[in-house]
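The values are calculated or read from the model by the stated rules, or taken from the named source; none is laboratory data. Quick caveat: nothing in here was measured; it's all calculated off a predicted structure. Cβ placement follows ideal geometry from the backbone for every residue including glycine, while neighbour counts extend to all protein chains displayed.
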Protein chains: 2
Amino acid sequence: MVTIYDIAEKANVSAMTVSRVINNTGKISDKTRAKVKKVMEELHYVPNHTARSLVLQQTRVLFLLITDITNPFYTTLSRGAEDAAKKSDYRLLFGNSDESLEKESDYLTTILSSRVDGVLIAPAGDPSFPHLDSLRKHNVPFVLLDREVPGIECDIVLGDSKEGARSLVDYLMSQGHRRIAMINGSSSISSARLRLQGYQEALKLNDLIYDEAYVHEASFGPQSDLAQIEQWLDSMEPMPTAIMAGNNVLAIEVIRLLRKRGLRIPEDQSIVCIDDFGPYSEMDPFMTVAAQQAYQFGYLGMQMLIERIQERNIAVPWKKIVLPAELIIRRSVLPISE
Amino acid sequence: MVTIYDIAEKANVSAMTVSRVINNTGKISDKTRAKVKKVMEELHYVPNHTARSLVLQQTRVLFLLITDITNPFYTTLSRGAEDAAKKSDYRLLFGNSDESLEKESDYLTTILSSRVDGVLIAPAGDPSFPHLDSLRKHNVPFVLLDREVPGIECDIVLGDSKEGARSLVDYLMSQGHRRIAMINGSSSISSARLRLQGYQEALKLNDLIYDEAYVHEASFGPQSDLAQIEQWLDSMEPMPTAIMAGNNVLAIEVIRLLRKRGLRIPEDQSIVCIDDFGPYSEMDPFMTVAAQQAYQFGYLGMQMLIERIQERNIAVPWKKIVLPAELIIRRSVLPISE
DNA sequence: GTGAAAGCGCTAACAG
DNA sequence: CTGTTAGCGCTTTCAC
C-alpha cells in the first residue's frame with residue numbers, strides 16, 4: 001500500500017509537504033506541488049481514509065439505516081437521502097436492519113466503532129431505545145425517520161399515520177364497506193400504533209363497532225408469521241368485505257394468502273394499505289393506498305441531520321416534520337351496496 | 001471519546017491487557033478480565049474500529065455496490081449478499097451508483113480509501129474498466145455481478161441474458177406476435193448486448209426480419225430520456241404488437257408512456273421484460289417476464305468474494321457462474337391470430 | 001515554503 | 001499472566 005512517505009521519498013520532499021498538497025492547505029510552491037502530484041499519480045496513491053479519520057476525529061461519512069431494503073418506501077427514501085447528502089458533499093453508507101433489533105444492534109456497533117459523522121435511522125421500534133440512547137451518549141448526531149421512540153428527543157421526520165389510516169377507512173366506508181378488518185405491524189412501532197388509532201377513530205366516527213377479532217398484529221417486515229395470518233383470516237366470522245393493511249409489505253402478504261385460497265381481489269375481498277409501491281404501482285395501477293412521501297422522508301431527514309452536525313455546538317430546538325399521506329384511489333376496492 | 005487507556009488507568013492495568021480482554025487473545029486471569037470488563041461497561045467503551053483497522057490492515061467490512069437501489073432485482077440481490085456475508089461474520093456496507101459512472105467513481109474513492117476487505121460490484125458498464133482496474137491494482141478482491149467488463153478477469157455471477165431474451169421472444173411468437181420491438185439499456189453494458197443478441201437470434205430462427213427501427217437504446221436506470229422513448233414509439237410504423245423491455249425499469253417506463261397515450265395493456269399493446277419485480281409481482285400478477293434469480297446473484301457472489309479473500313494468496317482460477325432465467329407467463333401478452 | 005516531532009487509538013512482538 | 005515499545009498512515013504544532 002502506497003503511503004505519503006513513499007510519495008515523499010520519491011519526490012524528495014517531506015511527508016508533511018505531501019499532506020499539504022493532498023489537502024490543499026498551507027503554502028506550497030507550484031513547482032513542488034507539481035512534482036508531488038506527478039509522483040502521486042505514478043504510484044496510484046489513494047489517501048488512507050482510516051488514518052485520516054483517526055487524527056481528524058471526523059469521517060465526513062453519514063450512515064442511513066433502513067428497516068427493509070426491499071420495501072419501495074425505504075428505497076425511495078434512500079434516494080432522497082442520497083441526493084441531500086451529495087448536495088452537502090457527504091458520503092453516504094447504507095445499512096439494512098430488516099426490522100430486526102438484533103441486526104440493528106449489529107449496525108449500531110458498526111456505526112459507533114466506525115465513527116461516522118451522523119446517522120439517519122428508521123428504528124425497528126420502541127425497543128430501539130438503547131441503541132438510540134447509546135448514539136446520544138456517544139454524541140453521534142442522528143435523525144429519526146418514520147417512527148418515534150418514547151424517551152428519545154431528537155430531530156424527526158414522520159408521516160401522518162393516523163390521518164392516513166383514517167382516510168383509507170373513510171374511503172372504504174364511502175364505497176359501502178361496513179366490515180373492515182385491519183392487519184398491522186408490531187404495536188411496539190409508533191407508526192403502527194397511530195395507524196391502529198386512525199382505524200379505530202374512523203370506525204367510531206362512523207358509528208361502527210370496533211371488534212378486536214378483526215384486527216391482527218403481524219410484522220411490517222418480511223418475517224411475519226404467515227400461518228398466524230392465515231389462522232386470523234380463517235377466524236373472522238363473517239369475513240370482512242375489506243381489509244386495510246398497515247403497510248405495503250403486509251398488503252402483499254395478505255393478497256398472496258387470499259389468492260392462495262382462491263379469492264379474487266377486489267371481487268371477493270377489497271384491500272387497501274398505507275404506503276405506495278414506488279414505480280411498481282404504475283405497472284398495473286392496482287392497489288388503493290394512502291401514499292407517503294417517501295423521497296421527502298429521506299431528503300428532509302438528511303438535511304436536518306447535516307444542519308445538526310454543522311450546528312453541533314449550538315442549542316437548536318429539536319425539529320419535527322410531519323408529512324401528510326395522499327389517498328390514491330385505484331382498483332383494489334369493490335363498491336358495494338347493502 | 002473513551003479509549004483503552006482510560007479503561008486501563010481506571011482498572012489499574014496496562015492498555016495491552018485491555019486490548020487482550022477486548023479481543024479475547026492471550027491469557028488473562030479471570031479476575032483481571034472481570035475488572036476490565038466492568039470498567040468498560042461503566043465507561044460505555046466502544047472500540048475504535050478506525051484505529052483497529054489501521055494497525056490490523058483489515059477491516060472485516062465488505063462493500064456491495066449496486067446500480068439501482070429502487071430496482072427489486074438489486075434489492076433482492078442485496079438480501080442474498082447480506083445473508084451470505086453475515087454467515088461468515090463480515091459486516092456489509094451498501095452503495096448505490098444509480099447507473100452513473102460518476103457516482104460509481106465516487107464510491108470507488110470511498111471503497112479504496114476506507115480499505116474494505118472486499119467488494120461485490122455491479123458495474124455501470126464497460127466504461128467501469130478503470131474503476132475495476134484500480135481495485136485490481138490496489139489488490140482489493142472483488143466479484144462482478146450481473147455484467148461483464150471486457151478486459152477484467154475475475155470471479156463473476158451472471159444471468160443467462162441471451163437465453164432469457166430468446167425465451168421471451170419465442171413466447172411472444174407462440175402467441176402469434178410477429179412485429180416485436182425491443183427497448184434496451186445502454187450497449188456499453190454486457191447484459192444489454194446479450195439481450196439484444198438473444199432478441200436478434202430469436203427473430204432469425206423464426207425467419208423474421210430484424211429492423212433497426214424497432215430497437216431503441218435507452219438506459220436501464222432511472223435516467224432514461226423519456227422524450228426520446230416517446231419519439232421512438234411514435235416513429236414505429238406500423239406499431240409493433242409486442243414490446244420486449246431489456247429490464248424491469250424500462251418496462252415500467254414504457255407502460256407509463258403507453259398509458260399516457262391511452263393505450264391499454266395487453267389489449268392494445270403486449271409487453272414483456274427481463275427481470276421480475278420482486279414481491280410486487282404478486283400484488284396483481286401482471287407482467288410476463290424472464291425472471292432472474294436475484295437472491296442467488298447476491299448470495300453466490302458474496303460466497304465467492306469471501307472465499308477469494310480467504311484464499312487470497314492461493315492461485316485459484318477465476319470462477320464464473322451463469323444463472324438461468326425463468327419464463328413466468330402472466331397476463332401482459334395478448335394472444336393474437338393473423 | 002518546508003520539515004521534524006508528536007500523537008490520534010490500537011495491537012504485534014517481545015520481555016519479564 | 002502482564003507490561004513496554006514501536007508503529008499502522010496521517011495531520012497539527014512549532015521551528016527554521
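Quick notes on this one:
- The listed residues are A:Lys86, A:Lys162, and the only one of them that is basic (Lys, Arg), at negative phi, free of Cβ contacts under 8 Å to residues at least 60 places away in the same chain and surrounded by fewer than 19 Cβ atoms within 10 Å (Cβ to Cβ) turns out to be A:Lys86.
- Within region A:1-15, tally of residues that are buried (at least 19 other Cβ atoms within 10 Å of the Cβ) and within 14 Å of chain B (Cβ to nearest Cβ): 1
Here's the yes/no breakdown for (1) modelled with pLDDT of 90 or more; (2) not acidic (Asp, Glu):
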residue	(1), (2)
B:Gly185	yes, yes
B:Glu212	yes, no
B:Glu217	yes, no
B:Gln228	yes, yes
B:Gln231	yes, yes
B:Met239	yes, yes
B:Met244	yes, yes
B:Arg256	yes, yes
B:Asp284	no, no
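- Among (1) near DNA strand C (Cβ under 10 Å from one of its atoms); (2) hydroxyl-bearing (Ser, Thr, Tyr); (3) closer than 26 Å to B:Tyr299 by Cβ, the one test that B:Ser114 misses: (1)
- Single unsatisfied condition, B:Arg91 versus (1) surrounded by fewer than 18 Cβ atoms within 10 Å (Cβ to Cβ); (2) away from DNA strand D (no atom under 16 Å from the Cβ): (1)
- Sole residue being crowded, with 24+ Cβ neighbours inside 10 Å, in contact with an Asp or Glu (Cβ under 9 Å, 6 or more places away or on another chain) and free of Cβ contacts under 8 Å to residues at least 60 places away in the same chain, chosen from A:Met287, A:Met302: A:Met287
- The residues on offer are B:Leu43, B:Leu62, B:Leu93, B:Leu77, and the sole one that is modelled with pLDDT of 90 or more and out of contact with any Asp or Glu (no Cβ under 7 Å at 6 or more places or on another chain) is B:Leu77.
- Candidates B:Val169, B:Val140 - the one that is on the phi < 0 side of the Ramachandran plot and part of a loop (DSSP other than H, G, I, E, B): B:Val140
- Screening B:Gln228 on (1) touching a Phe, Trp or Tyr at 6+ places or on another chain (Cβ under 8 Å); (2) without any contact (Cβ under 8 Å) to a residue 24 or more places away in the chain shows it passes everything except condition (1).
- When the criteria are applied in full, A:Thr109 fails the requirement of being polar (S, T, N, Q) and at pLDDT 95 or above.
- So A:Glu217, is it of a type outside the set (Val, Ile, Thr) and either within 15 Å of A:Leu257 (Cα to Cα) or in contact with a Cys (Cβ under 6 Å, 6 or more places away or on another chain) (or both): no
- Members of region A:258-277 that are facing another protein chain (nearest Cβ under 9 Å), touching a residue at least 24 places away in the same chain (Cβ under 8 Å) and surrounded by fewer than 24 Cβ atoms within 10 Å (Cβ to Cβ): A:Ile265
- Residue list for region A:16-40, restricted to those being within 11 Å of DNA strand C (Cβ to nearest atom) and either within 11 Å of another protein chain (Cβ to nearest Cβ) or within 43 Å of the chain's Cα centre (by Cα) (or both): A:Met16, A:Val18, A:Ser19, A:Arg20, A:Val21, A:Thr25, A:Gly26
- Restricting attention to region A:258-282 and to residues that are small (Gly, Ala, Ser) and under 28 Å from B:Val272 (Cβ atoms), the residue that is modelled with the highest pLDDT turns out to be A:Gly262.
- Only a single criterion out of (1) in the same structural domain as A:Asp126 (by TED's automatic domain parsing); (2) within 16 Å of DNA strand D (Cβ to nearest atom) is not satisfied by A:Thr75, namely (2).
- Flag if B:Ile156 is part of a loop (DSSP other than H, G, I, E, B), surrounded by fewer than 23 Cβ atoms within 10 Å (Cβ to Cβ) and modelled with pLDDT of 95 or more: no
- In this structure, B:Phe129 does satisfy being assigned by TED's automatic domain parsing to the domain that holds B:Ile314, surrounded by fewer than 23 Cβ atoms within 10 Å (Cβ to Cβ) and modelled with pLDDT of 95 or more.
- The numbered conditions (1) of a type in the set (S, T, N, Q); (2) more than 7 Å from DNA strand D (Cβ to nearest atom); (3) without any contact (Cβ under 8 Å) to a residue 40 or more places away in the chain are all true for B:Thr3 except (3).
- Criterion violated by B:Lys27 - all others in (1) assigned to a loop (DSSP other than H, G, I, E, B); (2) buried (at least 16 other Cβ atoms within 10 Å of the Cβ); (3) of a type in the set (Lys, Arg) satisfied: (2)
Let's see how each residue does on (1) without any contact (Cβ under 8 Å) to a residue 12 or more places away in the chain; (2) in contact with a Ser or Thr (Cβ under 8 Å, 6 or more places away or on another chain):
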position: B:Arg166; (1), (2): no, no
position: B:Asp170; (1), (2): no, no
position: B:Met173; (1), (2): no, no
position: B:Ile180; (1), (2): no, yes
position: B:Lys204; (1), (2): yes, no
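- Screening the candidates A:Thr50, A:Thr3, A:Thr70 for the property of being more than 8 Å from DNA strand C (Cβ to nearest atom), β-branched (Val, Ile, Thr) and more than 25 Å from B:Ser134 (Cβ to Cβ) yields one hit, A:Thr70.
- Top-ranked residue in region B:35-51 [being free of Cβ contacts under 8 Å to residues at least 12 places away in the same chain and buried (at least 18 other Cβ atoms within 10 Å of the Cβ); ranked as nearest to DNA strand D (Cβ to nearest atom)]: B:Thr50
- Only one of the listed residues (A:Gly164, A:Gly151) is more than 12 Å from every other protein chain (Cβ to nearest Cβ) and part of a helix (DSSP H, G or I). That residue is A:Gly164.
- Which listed residue is surrounded by fewer than 22 Cβ atoms within 10 Å (Cβ to Cβ), within 16 Å of DNA strand D (Cβ to nearest atom), polar (S, T, N, Q) and in the same structural domain as B:His131 (by TED's automatic domain parsing), from B:Ser105, B:Ser113: B:Ser113
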